[in-house]
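Participant: Provided herewith is a single structure, encoded as structure tokens, for subsequent inquiry.
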């Protein structure tokens, strides 16, 4: 979006004109009166300068497009004036992904660009788990007088790097159930290969399903039915409540962002293994995507998860969530009998309560808990101890809990496996 | 959490320095006599020492920052004290004090203790400078070219201070802003210089023969010209 506005800053010169002309006339001093001409010239300055133009092209490169968690990534942004007029005052703000802290340099720079001229901005971000998308850069251009301002967004050229993929290592995940993959059998007949039952022949039954041996033996026509194969369903349940939007340090992503990174990675792995995967988000609003498979479903699921990655929370959200929490869990239980993988930082009792309710409703449940506590403060230490107690409590109840420190792979230890 | 938390949204160094320089030059031009100029130079040194204390504090050198702060405050206070006691009449004393306080307020505007006060302090500092320059022009101790130059530099100081504030808001104090600041300043100085040449030319036409009322009428016609320019600009 482009906005053009007048700053009207030179209107203040009229105050100088007013003072000098008044004093000049009153004191009958021609020199003071004529000094008003200087003020008038400055007041007319923005009217004499042409409107600034924004013909800019932007390209972006990074030192590593798939960095490891914690790696420094050098970003180089080059902006070129493709117009025919000089850009006197360009203020460029690169669209750094919101969860990546700039640790060296600045993503904001100013430049004066002649036609064909270019300027380069270099800065370093520290990679954090997740799929990070660079947003369009913002260019603020003033004319030489500063009287007119154009603000616009510039999208990087096609060949530029617009994403950073810092994936979570989930190769060693050993799941508690369905270790043979995402295919199970259903208690209904269908197109499978496992024997289910025999029944009397009905007109229209395929000939290859008729039990010919029995017919030869008894003269009765019977049809053999096989058990229908069914894909196992898993629901990735994200705890995106305001209380879970907590980070260990000010420049660190919060627990929900880490949960989204882990859930996105597991989503791909589970879909590849043949599972039907659904998404449930418990937060300010309940979001639900029923279990399914396929590329389109994968994209929908990723999009749903991404919308909760950088979502801010307010006090009003917190109050509303307390009332809605149980209702949202019941809404989840009404959506079939899929296994639940709960992503929660366990910073309050919600995670434990949710697991208990899942078990009570006959759901198999696994907990993946990103650690967003810190040892650096007294409050952080207290939160860490409380969280550790919750992890212990769940493990004592034979619930598999993956206590995940961001930066490490997600893995079930022997102690956490049932 | 965003990387925005790292941006220091204080006025930029380059334009801030230009604003200070403009303010002190304006005060220096409107002084009469060696002693008054010495007082202004003393205050300018104090102000730039205070500037150094700000830079030292940013670099984490707390002890040297504090020492520079004390030294700068002492110099500025001494200069203000001299400005308060040295001039003969109360009007001249007021004019010199206004001229000395103006740059101090500009300094506080571009290196603010509280960022929201920046614009207010820049405005107040400019107002004091304008008052000081006009009063000195009325009292007659300075030449007309000095007067025109001081008016131009006062406006230039205000312009640079405003630019320092907007640059700080947009790109933060840490960004490189030198080239942009210089480009703007060159433009503003060019306009001011042309205006001064026109003013001197107008003065040399023979101002004694032009009735003051007529000149006032001429000035009154200027808003009409500006209005027509503005209307064409809107189109």
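The values are calculated or read from the model by the stated rules, or taken from the named source; none is laboratory data. Since the structure is predicted, the reported quantities are computational estimates derived from the model, not experimental observations. Here Cβ is always computed from backbone atoms with ideal geometry, including for glycine, and neighbour counts include all displayed protein chains.
Participant: Out of (1) in the same structural domain as residue A:341 (by TED's automatic domain parsing); (2) over 21 Å from residue A:368 (Cβ atoms); (3) touching a strand residue (DSSP E or B) at 6+ places or on another chain (Cβ under 6 Å), the odd one out for residue A:295 is which?
Facilitator: (3)
Participant: Same structure again: Only one of these is surrounded by 18 or more Cβ atoms within 10 Å (Cβ to Cβ) and either in contact with a strand residue (DSSP E or B) (Cβ under 9 Å, 6 or more places away or on another chain) or within 24 Å of residue B:169 (Cβ to Cβ) (or both): A:145, A:118, A:153, A:167. Name it.
Facilitator: Result of the check over A:145, A:118, A:153, A:167: A:145.
Participant: Tell me, yes or no, whether the range B:83-94 has at least one residue that is under 19 Å from residue B:29 (Cβ atoms), modelled with pLDDT of 85 or more, part of a helix (DSSP H, G or I) and within 21 Å of the chain's Cα centre (by Cα).
Facilitator: yes
Participant: Which condition number in (1) modelled with pLDDT of 90 or more; (2) under 25 Å from residue A:130 (Cβ atoms) is the one that residue A:382 fails?
Facilitator: (2)
Participant: From the list B:124, B:129, pick out the single residue that is closer than 26 Å to residue B:198 by Cα, touching a helix residue (DSSP H, G or I) at 6+ places or on another chain (Cβ under 9 Å) and more than 9 Å from chain A (Cβ to nearest Cβ).
Facilitator: Residue meeting the stated conditions: B:129.
Participant: Could I ask something else about it? Output the residue which, of all residues in the range B:168-182 that are part of a helix (DSSP H, G or I) and within 7 Å of another protein chain (Cβ to nearest Cβ), is farthest from residue B:118 (Cα to Cα).
Facilitator: For the range B:168-182, the residue satisfying everything is B:179.
Participant: Go through the range A:45-84 and count every residue that is surrounded by fewer than 19 Cβ atoms within 10 Å (Cβ to Cβ), in a strand (DSSP E or B) and either in contact (Cβ under 8 Å) with a residue 60 or more places away in the chain or within 13 Å of chain B (Cβ to nearest Cβ) (or both).
Facilitator: The number of residues fulfilling the criteria is 3.
Participant: Based on this model, can you work out whether residue B:26 counts as closer than 19 Å to residue B:122 by Cβ and in contact with a helix residue (DSSP H, G or I) (Cβ under 9 Å, 6 or more places away or on another chain)?
Facilitator: yes
Participant: Which residue pairs have Cβ atoms closer than 8 Å, lie 6 or more positions apart in sequence or on different chains, and pair a first residue in the range A:19-44 that is more than 7 Å from chain B (Cβ to nearest Cβ) and free of Cβ contacts under 8 Å to residues at least 40 places away in the same chain with a second residue that is buried (at least 24 other Cβ atoms within 10 Å of the Cβ) and not in a helix (DSSP H, G or I)?
Facilitator: That search, which allows pairs on different chains as well, returns A:24/A:35.
Participant: Follow-up. Return the residue satisfying two criteria in turn: it lies in the range A:90-121 and is more than 31 Å from the chain's Cα centre (by Cα) and in a strand (DSSP E or B), and of such residues it is farthest from the other protein chains (Cβ to nearest Cβ).
Facilitator: A:118
Participant: Can I ask one more? Considering the range A:132-161 alone, what residues qualify as being in contact (Cβ under 8 Å) with a residue 60 or more places away in the chain and in a strand (DSSP E or B)?
Facilitator: A:137, A:139, A:141, A:142, A:148, A:149, A:150, A:151, A:152, A:153, A:154
Participant: Shifting gears a bit: Can you confirm whether the range A:335-351 contains a residue that is at pLDDT below 90, in contact with a strand residue (DSSP E or B) (Cβ under 8 Å, 6 or more places away or on another chain), under 27 Å from residue A:131 (Cα atoms) and assigned to a loop (DSSP other than H, G, I, E, B)?
Facilitator: yes
Participant: Here's something else I'd like to know. Among the residues that make up the range B:196-219, is at least one of them facing chain A (nearest Cβ under 7 Å) and closer than 30 Å to residue A:111 by Cβ?
Facilitator: Checked the range B:196-219: no residue is facing chain A (nearest Cβ under 7 Å) and closer than 30 Å to residue A:111 by Cβ.
Participant: In the range A:371-379, is there at least one residue being under 27 Å from the mean Cα position of the chain (by Cα) and either in a helix (DSSP H, G or I) or closer than 20 Å to residue A:234 by Cβ (or both)?
Facilitator: No.
Participant: What strands (runs of 3 or more DSSP E) completely inside the range A:213-299 contain at least 3 residues that are at pLDDT 85 or above and farther than 17 Å from residue A:366 by Cβ?
Facilitator: The strands (runs of 3 or more DSSP E) meeting that bar are A:287-292.
Participant: Of all residues in the range A:1-18 being in contact with a strand residue (DSSP E or B) (Cβ under 7 Å, 6 or more places away or on another chain) and at the interface with chain B (Cβ under 9 Å from one of its Cβ atoms), which is nearest to residue B:167 (Cα to Cα)?
Facilitator: A:7
Participant: If the requirement is being more than 16 Å from residue A:254 (Cα to Cα) and surrounded by fewer than 14 Cβ atoms within 10 Å (Cβ to Cβ), which of these qualifies: A:381, A:361?
Facilitator: Exactly one of A:381, A:361 is more than 16 Å from residue A:254 (Cα to Cα) and surrounded by fewer than 14 Cβ atoms within 10 Å (Cβ to Cβ), namely A:381.
Participant: Would you mention how many residues in the range A:122-131 are outside any loop (DSSP other than H, G, I, E, B) and surrounded by 23 or more Cβ atoms within 10 Å (Cβ to Cβ)?
Facilitator: Number of matching residues: 2.
Participant: Look at residue B:69 and say whether it is part of a helix (DSSP H, G or I) and farther than 24 Å from residue B:131 by Cβ.
Facilitator: The answer is yes for residue B:69.
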